[in-house]
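> For reference, the structure I am asking about is given below.
Bear in mind these aren't lab numbers, they're just calculated from the coordinates by the rules spelled out. Treat the numbers as computed from the prediction; the structure is a model and nothing was measured. Because the Cβ atoms are built from the backbone with ideal geometry, glycine has one as well, and the counts that use them run over all protein chains shown.
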Protein chains: 2
Amino acid sequence: MTGSPSPGRLWLIPTPLGETADPRLCLPPDTFAIASRLHYFIAENARSARAFLKQLDLDRPIQQIEIRELSEHTQAAELPGLLAPILAGQDAGLVSEAGCPAVADPGAALVALAHQHRVPIHPLIGPSAILLALMASGLGGQAFAFVGYLPQPPDARLQAVRALEQRSVCSGETILMIETPYRNQAIFEALLSGLSGDCRLMVASSLTLPDQLIRTERVADWRASPVQLARVPTVFGMVAPGQTRTTKERYRPR
Amino acid sequence: MTGSPSPGRLWLIPTPLGETADPRLCLPPDTFAIASRLHYFIAENARSARAFLKQLDLDRPIQQIEIRELSEHTQAAELPGLLAPILAGQDAGLVSEAGCPAVADPGAALVALAHQHRVPIHPLIGPSAILLALMASGLGGQAFAFVGYLPQPPDARLQAVRALEQRSVCSGETILMIETPYRNQAIFEALLSGLSGDCRLMVASSLTLPDQLIRTERVADWRASPVQLARVPTVFGMVAPGQTRTTKERYRPR
């Protein structure tokens, strides 16, 4: 461990799910206040982090706030350098491109290293598209999995979709996934063609934003009235038939 | 579908993770304001919902606010009755005992029925112990699963723990679970005895509260300095060795 007797704290700071969302309205006052007083940030994307910081009540000019990047291109060997100011006693904020850091982004590697050095970790409350989508889906939140991105080659993607249905049949889990916005339509069509008609499928786009769209339908019903998805951040969710349940009994819609 | 031309909206309202947490500080102003103006709530537990509502800026006496329960004992046949006021045009709030509704509680059955009737669903931002634990764990949030409760009989529980490790080995997933507070120690010991020494194990208790505890260690290190867990709400998480990764490369702590 590095010199200083007691390290700073690592604050995990959620950010709004779109540039038009006002952090003062969509973050709890506690989160907003803590983010406003930090001077060192580790960000998935420095540019979007700067745009976020400009909307806070910073106690110094933004030029005096240090922002370093931890992206998918960051090597493991670079992590100790990112942690060093914290070990030297400075508090830091970890921010994702949008939503919660260390969820569906590369931030967990830094949190893991922080744990090894006994840095106090403070997760803060704020928006997560994955969680909001799960809540709104009605697909069941007693057991769920987030699988990230599906494979891109059409054959492999279709195979993955079928494997997810099989998994949901066996485990009863709701399964959530995301995709790069310009591939929304491709993944949606793969889900419609690969899943059984009785599966329920959710599309949740632009969560918390003015163009928010949340719709859950049986796959057969989606097929009967298909839609064209916008190229905006979207969470997809599915569950095999008969899986929504309360603890003591199963509820089968329709 | 019932009479009225346009249904009310179903708002999914997160609640603080403990009675001592102030909703004004831990909920975003948007969530606080919307919860404050609703007159019909569907709650996992009417008593805790009432305690929550008393901390809001209600526009009428709490006695005039209707609270109905949707708990693990609610039968599927009772759901249409809970939805009826919404179909008649009234807005409603769905609240869990603590945290986010329709996640690790029976609320999803009502959301599913609301989707069938084309009720607009609005998930709101707020605390989730499961999500905060995942962020703070450092175990990896690129792929994760929440499995709820483990079996209670010791043999079955140990077998389940071993199956979870196997699953994490195969899928690379971080696996999260919860337990009733008085069984924290039992599940913790089952995890310590059933998992390989190289697995990483997180204990996250009393999240967002003054006695918050968040610790991630290799199982071997936990065994070397075991702790006695308090009987407070706790999320457990584990991941098999070598699974924390960024998108492009794997990061292996130590």
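> Find, among the residues of chain B, the one whose Cβ sits nearest the axis of the rotation taking B to A; state the distance in whole Å.
Here the nearest residue and distance are B:145, 2.
> Okay, moving on. Going by C-beta contacts inside 10 Å, put B:73, B:39 in order with the fewest on the left.
So the ranking, lowest neighbour count to highest, is B:73, B:39.
> What percent does the relative contact order of chain B come to when contacts are Cα pairs within less than 8 Å and at least six residues apart?
Relative contact order of chain B: 21 percent.
> Related question: Measuring label to label, 7 Å along Cα→Cβ, what does residue B:75 give against each other copy in nm, shortest first?
Shortest to longest, the spacings are 6.5 nm.
> Which longest uninterrupted range of chain B lacks any GluC sites (Glu not before Pro) assigned by DSSP to a loop state (not H, G, I, E or B) and surrounded by at most 16 other Cβ atoms within 10 Å? Don't skip to the end; give the middle numbers.
On the way: sites that count: B:19, B:72, B:249.
Here the longest segment lacking exposed loop sites spans B:73-248.
> Over the stretch A:1-86, what is the relative contact order in percent, taking alpha-carbon pairs closer than 8 angstrom and at least six residues apart? Intermediate values should be presented prior to the final figure.
Values: 70 pairs, mean separation 25.9, N = 86.
Worked out over the stretch A:1-86, it gives 30 percent.
> For the stretch A:129-239, what's the relative contact order in percent, using C-alpha pairs closer than 8 Å and at least 6 residues apart?
Once normalised by length, the contact order is 35 percent.
> Against the empirical 2.2 N^0.38 Å scaling, what ratio does the C-alpha Rg of the protein assembly as shown come to?
On the way: Rg = 21.8 Å, N = 508, 2.2 N^0.38 = 23.5 Å.
Normalised Rg, Cα atoms only: 0.93.
> Other chains near A:72-79: what is the mean number of their Cβ atoms within 10 Å of each residue's Cβ?
Taking the mean over all residues of the peptide, I get 4.
> How shielded is B:113-125 by partner chains, expressed as the average number of their Cβ atoms within 10 Å of its Cβ atoms?
If you average over the peptide's residues, the count of other-chain Cβ atoms is 6.
> About the Cα centre, and with charges only on the beta carbon of Lys, Arg (+1) and Asp, Glu (-1), how big is the dipole of chain B? Nearest 20 debye, please. Spell out each step's value before the answer.
Details: 23 positive and 23 negative charges, 125 e Å.
My answer is approximately 600 debye.
> In addition: Averaged over its residues, how many other protein chain Cβ atoms are within 10 Å of peptide A:31-41's Cβ atoms?
1
> If you don't mind, another one. Can you sort B:211, B:105 from fewest to most other Cβ atoms within 10 Å of each residue's own Cβ?
By the 10 Å Cβ count, ascending, the order reads B:211, B:105.
> List, shortest first and in nm to one decimal, how far the label point of residue B:90 (7 Å from Cα along Cα→Cβ) is from its counterparts in the other copies.
Distances between equivalent label points, in nm: 5.5.
> Could you line up A:234, B:15 from fewest to most neighbouring Cβ atoms inside 10 Å?
A:234, B:15
> If you don't mind, another one. Between the label point of residue B:24 and that of the same position in each other copy, find the distances and list them shortest first in nm, with every label point placed 7 Å from Cα along the Cα-to-C-beta direction.
Nearest to farthest, the other copies are at 1.8 nm.
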